[in-house]
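First up is the structure itself, then whatever we jot down about it.
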Amino acid sequence: MSFGLPLRLVRSASFGLALLYATLLAASAVILGFIVYSTVQASVDRQMDARIEAEIEILNGEFRSEGSAELAREVETRINYFGALEYFLADADGKRLAGSLSNLPATDGWSDIAITEPQQGKDPKYFRVKTVHLDNGYRLVVGDDLGSKDDIRRAFLGALGWALLVFLLLTLAAGALLSSAFLSRVDAIARTAEAIIDGDLGSRVRLRGTNDNFDRLSATLNRMLDQIQLLMESLSQVSNDIAHALRTPLGRLRQRLEVARTTSKANSKCTKTIDAALDETDNILDTFSALLRIAQIESGTRTAGFREIDLSKLFETVSEAFSAAAEDEGRTLTAKIAPSVKFWGDGDLISEMLANLLDNAIRHTPQGAHIEVSLVNHGSQLVASVADDGPGVPQSDCERIFRRFYRVEGSIRTAGTGLGLSLVAAVAELHGVKFCATDNMPGLRMTLTFDCGVLNDRRPHWPASRAIDHDLAHAAREIAHRGPERPEEVACQS
């Protein structure tokens, strides 16, 4: 067993409550035990004092009826044959006449004395004694050994200690069991939440039928998830319907603009305006196509096409295809690709991801820039990068550039839909590839880290078209508010 589970048990709320409950019970048991101990000790003291008082009364009566000589013989007889109590009988001068105690107490009445017997090499013994004066001036001492009280104390403390130890062990065991049961219910909810985060909106928390607090909470969460799933499925359907429905009239619009262009060759201004409208229509169609493409990738349906691919060959093919385009644009593209690198995934999607990165590098670097594609094999990980020495992006924008329609200041007029890096992020998430943008000093470096240690079947965080409504609205607003690039594009004049 790993150390993580015991640590989780100890840190759980149920274990803490069980430990607090055990502490309170233990404290209560200790307090109650000491009350019982004090009561027992007080009772033992009263019984001891009563025995001593009764013995003194008997011996005093013996003295009155038989005299001092008979009293001394009676004391010796009790010492030799009974031995339950301790005695000391002295005359008026303090001379010892009989008894088992080694010395006379210093004071009359009740007192506790310690008697050491050095010849035996033992610890001193403690006695509870009472000293009285007889009518003839004799002093009579009767006492009892306090060792019985010490025996009671040791027995009590030993029993209390063992009881607390057993109680603590039982409490820890009960707390661990309660915490384990508690954590199993919490983990079930957490697993369901993780499954939903990974895109499985059909996952639900299993009910045990006990109708306890966890069951009621789980039922409430399941009802909430049912509603969310219904809303997301409705949103997905409406979003796809909107995207497909708009592509058809936009396609007809483009055809009519093509017809208008062929019939207006005599009017140069009209031709320019139609050309600008065609460009804008193509841009809208490209935007819708990119949104639907991203939605398709995020839906997770493309994982059915996963197979082992030659990543080295794929990178070489895409790099060679873009090398000529980069040269035409006045850039230089070089590739450093490790040979025979294999990966499990969709070759078409990874090609499209790399193509978008190279296209982005060519679009956003000046003439004379150098672009490098690399693929390095680190065993369980493959690290690919597309780096350039262009102007780069501010550090604060390195995460934002993967958002849909996000553009760095200064690149607003650059051709494109603003969805290329969003598609890169969607393909990377589908394949479990970690992606990031960093400063290449100078320029920008896009890094992709492929994990080859597991067969990746990750799904996206949300179903298809999770935000396509927002994206369609954003694209429409952007196109609607885009100003004309040339004054002559404002109108088609005769």
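The values are calculated or read from the model by the stated rules, or taken from the named source; none is laboratory data. The shown structure was predicted, so the numbers you read here are calculated from the model rather than taken from an experiment. Because the Cβ atoms are built from the backbone with ideal geometry, glycine has one as well, and the counts that use them run over all protein chains shown. For the accessible areas, the whole protein counts, side chains as well, though only heavy atoms, and no ligand, DNA or RNA atoms are used. Shrake-Rupley method; radii C 1.70, N 1.55, O 1.52, S 1.80 Å.
A few comments on the model shown:
- Burial ranking of peptide ranges 270-276, 249-255 (average Cβ count within 10 Å, highest at the top): 270-276, 249-255
- The alpha-carbon atoms of the range 123-215, seen along their principal axes, cover 106, 30, 16 angstrom, with the largest extent given first.
- Note on the range 186-233: semi-axes of the ellipsoid equivalent to its C-alpha gyration tensor, largest first and rounded to whole Å, are 19, 12, 7.
- Counting only protein chain heavy atoms and rolling a 1.4 Å probe, the accessible areas of 344, 162 rank, largest first, as 162, 344.
- Legend: calculated FRET efficiency, residue 380 to residue 278, from the Cβ-Cβ distance at R0 = 60 Å, rounded to 0.05, equals 0.75.
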